[in-house]
Amino acid sequence: MFKNEIRPWRNISRRKSRQIFVGNVPVGGDAPISVQTMTNTLTTDVSETIEQINICADAGADIVRVSVPDEESSRALKEIVRNVSVPIVADIHFHYMRALEAADAGAACLRINPGNIGSKERILDVINAAKSNGCSIRIGVNAGSLERHLLEKYKEPCPEAMIESGLNHIRILEDCGFTEYKISCKSSDLFLAIAAYKGLAKETDAPFHLGITEAGSMLPGTIKSAIGLGNLLIDGLGDTIRISLSDDPEKEVKVGFEILKSLNLRSKGVNIIACPSCARQGFDVIKTVKILEERLSDIKVPLNLSIIGCVVNGPGEALMTDVGFTGGGKDSGMIYLAGDILRKTSNESMIEEIEKLVRKRVNEIEAQEATS
């Protein structure tokens, strides 16, 4: 099998950012790019919010953000943090007391804009609460909520306005001696977001939280996010990501990992390489892939599986995957293991055989890792 180290043209050189921690998750430096999502339940509905966070954690979320708009939500956050396994970011807007309460409630990170918090004394109170509780801070610049004076200066949301906003918020924190922060420059306009992030990268070594905000429903949101984040990630920018979809949060997690997997920036679970199918297919490719995705969804170990309908590209793809199946024979196809032909098998039994081979390979990898 080919290895990344002998294919330098597919390796991304990541920007050198400094590292902070969100709970026990390192963000920036040489840490893996983390995947975040955000709950869409009422925070005051503690049981429902905990359930949603746990579902997202099972899907692979490294960090989950929870909105804290009022004092009742602050009280709920304390119970939520106690009953989940992933670090929680408290989403705070305007009222500095929510930030103090969230820090005391166990939030691992506070999402704020320091310039919206109020006087320097209030900002210092928030920073001291963050320091006392081991919280980091995310500065969240958004094209839809830029400061009035910047809109008056630049006449519209633009990269320069977003960069200036971010640098102003950074200056506030650093003037108060606080450096455990990351920053985002989000917009629903992917061109605007890309330009803002690239411009900001020239001005700071702070870790970047990437996102195309309000990207839309599952299909358009995934496409916009893949284009926008993909552009930045290929350039080496980004330390943590969130895919903003008008859908269930765990789907954001799955899309996030798929984007990172496609760029060889993060590997998790089975990566199925499958053809779109055509009249040459020797079996029902689409149905087979859907069944295998469902059956293998519990696997966390990274592994490549190729499912190709005919012999035009099938053998070549199989050379580069851990397990492969290529159709083409009459009601049968060829199974490949680590790029070599293993045996011929019937279409009727191929799903069972593929699943067994994949799980056997996963067990071998886990055993190797346990003894290394």
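The values are calculated or read from the model by the stated rules, or taken from the named source; none is laboratory data. Bear in mind that the values here come from a model prediction, so they are computed numbers and not experimental data. Here the Cβ is made from the backbone with ideal geometry for all residues, glycine too, and neighbour counts use every protein chain on show. Just so you know, the surface numbers come from the protein's heavy atoms only, side chains and all, with ligands and any DNA or RNA stripped out. Shrake-Rupley method; radii C 1.70, N 1.55, O 1.52, S 1.80 Å.
Would you call Gly106 at pLDDT 95 or above, surrounded by fewer than 22 Cβ atoms within 10 Å (Cβ to Cβ), on the phi > 0 side of the Ramachandran plot and not basic (Lys, Arg)? Working first, answer last.
Working: at pLDDT 95 or above: yes; surrounded by fewer than 22 Cβ atoms within 10 Å (Cβ to Cβ): yes; on the phi > 0 side of the Ramachandran plot: yes; not basic (Lys, Arg): yes.
So Gly106 passes the test.
Pairing each residue of region 340-364 that is β-branched (Val, Ile, Thr) with any residue that is surrounded by fewer than 16 Cβ atoms within 10 Å (Cβ to Cβ) and assigned to a helix (DSSP H, G or I), provided the two are 6+ apart or on different chains, yields C-beta distances under 7 Å for Ile351/Ile291.
If you go through region 41-80, how many residues are of a type in the set (S, T, N, Q) and touching a helix residue (DSSP H, G or I) at 6+ places or on another chain (Cβ under 6 Å)? Before you say what the answer is, go through the steps one by one.
Initial filter on region 41-80 (of a type in the set (S, T, N, Q)): 41, 43-44, 47, 49, 52, 54, 67, 73-74.
From what's left, touching a helix residue (DSSP H, G or I) at 6+ places or on another chain (Cβ under 6 Å): 41, 43-44, 49, 74.
The qualifying residues number 5.
If a residue must be closer than 16 Å to Asn116 by Cβ and modelled with pLDDT of 95 or more, how many such residues does region 150-164 contain? Looking only at that region, the number is 3.
Determine if region 260-276 includes at least one residue that is more than 30 Å from Lys198 (Cβ to Cβ) and surrounded by fewer than 16 Cβ atoms within 10 Å (Cβ to Cβ).
The initial filter retains those residues of region 260-276 that are more than 30 Å from Lys198 (Cβ to Cβ), namely 269-270, 272-276.
Applying the additional criterion that residues be surrounded by fewer than 16 Cβ atoms within 10 Å (Cβ to Cβ) yields 276.
Yes, that holds for at least one residue.
For residues in region 188-243 being polar (S, T, N, Q) and in a helix (DSSP H, G or I), which is surrounded by the fewest Cβ atoms within 10 Å (Cβ to Cβ)? Let's see the steps before the verdict.
Filtering region 188-243 down to residues polar (S, T, N, Q) leaves 188, 204, 213, 217, 222, 225, 231, 240.
Still in the list and also in a helix (DSSP H, G or I): 222, 225, 231.
Numbers: Thr222: 22, Ser225: 26, Asn231: 16.
Checking each candidate, the answer is Asn231.
Given (1) more than 30 Å from Leu42 (Cα to Cα); (2) surrounded by fewer than 17 Cβ atoms within 10 Å (Cβ to Cβ); (3) not aliphatic (A, V, I, L, M), where does Asp248 come up short, assuming only one miss? Among (1) more than 30 Å from Leu42 (Cα to Cα); (2) surrounded by fewer than 17 Cβ atoms within 10 Å (Cβ to Cβ); (3) not aliphatic (A, V, I, L, M), the lone unmet condition for Asp248 is (1).
I'd like the residue in region 311-346 that is among the basic types (Lys, Arg) and in a strand (DSSP E or B) and, out of all such residues, is most open to solvent (accessible area, probe 1.4 Å).
Of region 311-346, the ones among the basic types (Lys, Arg) are 330, 343-344.
Right, trim to in a strand (DSSP E or B) and you get 343-344.
Numbers: Arg343: 102, Lys344: 134 Å².
Only one residue tops the list, namely Lys344.
The residues listed here are Ile50, Ile123; of these, the one that is part of a helix (DSSP H, G or I) and in contact with a Cys (Cβ under 7 Å, 6 or more places away or on another chain) is Ile123. A single entry from Pro32, Pro26 fulfils the requirement of being touching a Lys or Arg at 6+ places or on another chain (Cβ under 8 Å), open to solvent by 30 Å² or more (accessible area, probe 1.4 Å), modelled with pLDDT of 95 or more and closer than 21 Å to Ser267 by Cα: Pro32.
When region 62-73 is filtered for residues that are open to solvent by less than 10 Å² (accessible area, probe 1.4 Å) and not β-branched (Val, Ile, Thr), only Ser73 remains.
The number of residues in region 291-306 that are in contact (Cβ under 8 Å) with a residue 40 or more places away in the chain and open to solvent by less than 60 Å² (accessible area, probe 1.4 Å) comes to 7. Residues that are outside any helix (DSSP H, G or I), open to solvent by less than 50 Å² (accessible area, probe 1.4 Å) and closer than 27 Å to Leu229 by Cβ within region 168-186 comprise Tyr181, Lys182, Ile183, Ser184, Cys185, Lys186, listed in sequence order. Pairs are defined by a Cβ separation below 8 Å, a sequence spacing of at least 6 or placement on different chains, a first member in region 241-253 that is of a type in the set (A, V, I, L, M, F, W, C), and a second member that is open to solvent by 30 Å² or more (accessible area, probe 1.4 Å); the pairs so defined are Ile243/Thr222; Leu245/Ser217; Leu245/Met218; Leu245/Thr222; Leu245/Lys251. State which residue is modelled with the highest pLDDT when the search covers only region 44-61 and only residues that are open to solvent by 30 Å² or more (accessible area, probe 1.4 Å) and closer than 22 Å to Phe21 by Cα. Only one residue tops the list, namely Asn54.
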